[in-house]
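Single-structure report; data block below.
Coordinate-derived values only; no laboratory data. Please read all numbers here as calculations on a predicted model, not as lab measurements. In this analysis, Cβ positions are derived from the backbone assuming ideal geometry, glycine residues included, and neighbour counts consider all displayed protein chains.
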Amino acid sequence: MPLCAFCKVEDTMLYESGVPVCLKCSDPSPERRRARIALFRGLHEAVHRAEAATEAFAAITSRIPSGIPHADGVQRIRNASHELTAARNEMMEAHHRLNEFLERGTVPEDLKRIG
Ligand SMILES: [Zn+2]
């Protein structure tokens, strides 16, 4: 049996729109469906941003020749480093939100307000 695409823990024979989903994850509540989609999408986007920031940081640091970079270079490294840190933090937060939802069923407040 395939694993549930959402919790990746339960085997399932059930499919929703071609995606394997276990009974636990196949929640009929519209709010929970919307929250689940938003959380998975949020994580996907956060991972994408973190990858882009990692590439941007690598590109900037690889252009620096050996020796001490001048002030402008230092500032660009700082900026790229700051963006990378922020993107990684967002990714960890997105992971955390999704885990809380999958393990405890917690719907984040900002997603409840979307209606
Ligand atoms: Zn599941």
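Cα axis of helix 30-62 to longest principal axis of the chain: angle in degrees, 0 to 90, nearest 10?
20 degrees
So for the pair Leu23, Lys112, with labels modelled 7 Å out along Cα→Cβ, what separation do we get in nm?
2.8 nm
If each residue's Cβ is checked for other Cβ atoms within 10 Å, how do Val9, Val107 rank with the fewest at the top? Don't jump to the answer; show the numbers that get you there.
Details: Val9 12, Val107 19.
Fewest-to-most Cβ neighbours within 10 Å comes out as Val9, Val107.
Taking the beta-carbon count within 10 Å as an exposure proxy, list Leu14, Leu84 from fewest neighbours to most. Don't jump to the answer; show the numbers that get you there.
Numbers: Leu14 15, Leu84 19.
So the ranking, lowest neighbour count to highest, is Leu14, Leu84.
Using only Cα atoms and rounding to the nearest 10 degrees, what angle (0 to 90) does helix 71-104 make with the longest principal axis of the chain?
10 degrees
Figure the gain on full extension for His70 and Arg41 (residue separation times 0.36 nm, minus the Cα-Cα span) and round it to one decimal in nm. Let's see the in-between values first.
Values: separation 29, 0.36 × 29 = 10.44 nm, distance 3.99 nm.
Extending this stretch completely gives an extra 6.5 nm.
With r defined as the distance between the Cβ atoms of Arg32 and Asn89 and R0 fixed at 22 Å, what FRET efficiency is calculated, to the nearest 0.05?
Values: r = 26 Å, r/R0 = 1.19.
It comes to 0.25.
Considering the convex hull of the alpha carbon atoms of the chain, report its projected area averaged over all viewing directions, in nm², one decimal. Before the final figure, lay out the partial values.
Numbers: hull surface 39.3 nm².
Here the figure is 9.8 nm², rounded to one decimal.
Determine the relative contact order of the chain: mean sequence separation of Cα pairs under 8 Å and six or more apart, normalised by residue count, in whole percent. Before the final figure, lay out each step's value.
Working: 94 pairs, mean separation 29.5, N = 115.
Computed value for the chain: 26 percent relative contact order.
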